[in-house]
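Only one structure is covered here, and it is reproduced in the block below.
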Amino acid sequence: MKIYISAAMTSILKGTNTEYYLRIQEKINKLSLDLQALSFDVFNPFEIPQNNIDKFWDSSPREIYQKEFQEVLTSDILLAFLDHTSHGVGVELGWADVMRKIIILIHQKDIKISALVLGLPTVRKVIKTDNVMEIPDISILNGILQTA
């Protein structure tokens, strides 16, 4: 089973809070490794060289589009972190819904999520956390993914 991890990148990468980006990247990279250890195939857009966040921008927008579209197309589940407003995450959610992929949303409890996103027919689970840096326990997440 293949999981596509979707999370805001541009708003973080082009922002001024590099420390925050590196912490989020570290958390999502750990989650990716944990999921791979459970035999999931994972596409993680945060797997770019540490301390070289500009590496992401070496690709053209068209190349990024084509790569990420193909990754969503070949995934079974889209796991979306809704910690920042992101046009890219919105596009990926739209693709996943049209492609009839299972969508699992993760967001901080005090962040209001668009009803349009919550109403997507392929959303199977919404996981609310106390803090954006809190990734759900891997055993709980594994159970959700196995039954999605």
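Given the criterion at pLDDT 90 or above, touching a Ser or Thr at 6+ places or on another chain (Cβ under 9 Å) and hydrophobic (A, V, I, L, M, F, W, C), identify the matching residue among LEU35, LEU78, LEU31, LEU73.
Sole residue among the options that is at pLDDT 90 or above, touching a Ser or Thr at 6+ places or on another chain (Cβ under 9 Å) and hydrophobic (A, V, I, L, M, F, W, C): LEU78.
Which count do you get for residues in region 112-130 that are over 24 Å from THR74 (Cβ atoms), over 16 Å from the mean Cα position of the chain (by Cα) and either of a type outside the set (Lys, Arg) or surrounded by 13 or more Cβ atoms within 10 Å (Cβ to Cβ) (or both)? Give the derivation first.
We begin by selecting, within region 112-130, every residue over 24 Å from THR74 (Cβ atoms); these are 112-116, 118-119, 126, 128-130.
If we keep only those that are over 16 Å from the mean Cα position of the chain (by Cα) too, we end up with 112, 114-116, 119, 130.
Those left that are additionally either of a type outside the set (Lys, Arg) or surrounded by 13 or more Cβ atoms within 10 Å (Cβ to Cβ) (or both): 114-116, 119, 130.
Number satisfying all stated conditions: 5.
Kindly list the number of the only condition in (1) in a helix (DSSP H, G or I); (2) in contact with a helix residue (DSSP H, G or I) (Cβ under 8 Å, 6 or more places away or on another chain) that fails for ALA80.
The failed condition is (1).
Among the residues of region 99-109, are any surrounded by fewer than 16 Cβ atoms within 10 Å (Cβ to Cβ) and out of contact with any Ser or Thr (no Cβ under 9 Å at 6 or more places or on another chain)?
no
Filter region 71-82 for residues that are within 10 Å of the chain's Cα centre (by Cα) and in contact (Cβ under 8 Å) with a residue 60 or more places away in the chain; which is nearest to ASN142 (Cα to Cα)?
LEU79
ALA96 versus (1) surrounded by 18 or more Cβ atoms within 10 Å (Cβ to Cβ); (2) out of contact with any helix residue (DSSP H, G or I) (no Cβ under 6 Å at 6 or more places or on another chain); (3) assigned to a helix (DSSP H, G or I): which is the lone unmet condition?
The failed condition is (2).
The values are calculated or read from the model by the stated rules, or taken from the named source; none is laboratory data. If you're wondering where the values come from, they're calculated on a predicted model, not measured in any experiment. FYI the Cβ positions are ideal-geometry reconstructions off the backbone, even for glycines, and counts take in every protein chain you see.
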